[in-house]
């Protein structure tokens, strides 16, 4: 399976790591989640901020699509959001930077297990796919609105 280039680089890195190092790398990524927050005054095409049943706290997903049709995601994560969710937010914001919304919608989720490892996917399945589903959801709303303009 082929992924967007930046995401492929992250997947390739994680595929090489033993499970213990994957967990350590996920913790490291979780610590960078703050860098995914919107900058002061930054404008977005769509903002989706809510607390879902499957998440421990509020998550905000922000989408801006530039003049070339490339997406730029930002995230806000409440203080109770778990480490794995923070890590996936950071990974996906970085890995999907500049990817067209249509490509995000078409992205298969099989890369998630390659990043977090099969055991964590089994134990924390809702958490591991949560951020990707939120990103796909906001891309779908954006795409539907764009189609409605035609």
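Every number in this text was worked out from the coordinates using simple rules, so none of it is lab data. Quick caveat: nothing in here was measured; it's all calculated off a predicted structure. Because the Cβ atoms are built from the backbone with ideal geometry, glycine has one as well, and the counts that use them run over all protein chains shown.
Some observations on this one:
- Label-point gap, in nm, between residue 32 and residue 19 - each point 7 angstrom along Cα→Cβ: 2.5
- Angle in degrees between helix 5-15 and the longest Cα principal axis of the chain, rounded to the nearest 10: 10
- Label-to-label distance, nm, for residues given as residue 8 and residue 144 (7 Å Cα→Cβ offset): 3.2
- Nearest-ten-degree value, helix 19-31 long axis tilted from longest Cα axis of the chain: 40
- When each of the peptides 22-32, 128-138 is scored by the mean number of other C-beta atoms lying within 10 Å of its residues, the order from highest to lowest reads 128-138, 22-32.
- Between the helical axis of 83-95 and the longest alpha-carbon principal axis of the chain there is an angle of about 50 degrees.
- Cα-based equivalent ellipsoid, region 3-87: semi-axes from gyration tensor eigenvalues, Å: 25, 19, 10
- Fewest neighbouring Cβ atoms within 10 Å first, the residues 68, 42, 37 line up as 68, 42, 37.
- From largest to smallest, the equivalent ellipsoid semi-axes obtained for region 5-149 from the alpha-carbon gyration tensor read 25, 17, 14 Å.
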